[in-house]
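The values are calculated or read from the model by the stated rules, or taken from the named source; none is laboratory data. Computed from a predicted structure; not experimentally measured. Cβ placement follows ideal geometry from the backbone for every residue including glycine, while neighbour counts extend to all protein chains displayed.
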Amino acid sequence: MNNKDKEMLADGETLASFSNLTDAEIGDFRKKNPGFVPEAWWRTKVAVESEPTGVALEWKSYQRVLQSAWQGNPKFSLEDSVRLIAAWSPPDASFTGVDSSEVLYAPSNMISIPLSDAGRYGVGSPSLPIFEAQVWPYQRAVMLLAIDSWRARTCLHCSKRFFADMPKRLYCSPRCSGDSHTAAKRRWFRAHGSEWRATRKKKPSSTRWKRNGKRRS
Ligand SMILES: [Zn+2]
């Protein structure tokens, strides 16, 4: 696996942990994954109709859309994916050199000018900075899930969302698959254990072993 692939998988895993994030875990997440989503998401409130107060922090509102795309049928539908990629992302100082720690505001009466007048307003003049759209790691991860939606999984043991690195993956972590196998064994033993012990007592193994370890036929 090359570095590009590793980075891609890491972005996917980070998006999965973002989707599981609780208020108490925000500090840790931000420390571990600086620049994964715009800084402004952690402090900017946006209007959310379903919220009793009518507003929610941007990260939370984004998380809700992400969770429904993850659980959706189909997962990461075209509409959900476009919505998640095109979500509000202010330019970041680290990318543009412009400090946008102030909340940005676009007035609804923002004017548009006809292309023929562009010259008069200085649009396109070399003195005006041109901002390319910044590509955020979370957007790359959404794009990946839009293409490989099978990767958007929910752990069979702990029910957390996780990003699968291969199709056969059913659990979010070795601990969850281990726990779940132990639990399955325990469940089986509770149901069939006494029966199993009884058969073992009744039927002593007919297999005898020679000293050299070979089985006698
Ligand atoms: Zn799990």
### Query
Based on what the data block shows, is E7 in the same structural domain as F76 (by TED's automatic domain parsing), surrounded by 11 or more Cβ atoms within 10 Å (Cβ to Cβ), closer than 17 Å to L145 by Cβ and free of Cβ contacts under 8 Å to residues at least 12 places away in the same chain?
yes
### Summary
Taking the stretch 28-40 and the residues there that are at pLDDT below 90 and assigned to a helix (DSSP H, G or I), the one that is surrounded by the fewest Cβ atoms within 10 Å (Cβ to Cβ) would be E39
### Matching helices (runs of 4 or more DSSP H) fully within the stretch 64-159 where at least 3 residues are modelled with pLDDT of 95 or more
78-85, 137-147
### Task
Could you list all residues from the stretch 151-182 that are of a type in the set (S, T, Y) and near the ligand (Cβ under 10 Å from one of its atoms)?
T154, S159, Y171, S173, S177, S180
### Summary
Selection over the stretch 44-59 where residues are closer than 25 Å to N33 by Cα and surrounded by fewer than 16 Cβ atoms within 10 Å (Cβ to Cβ) yields a count of 1
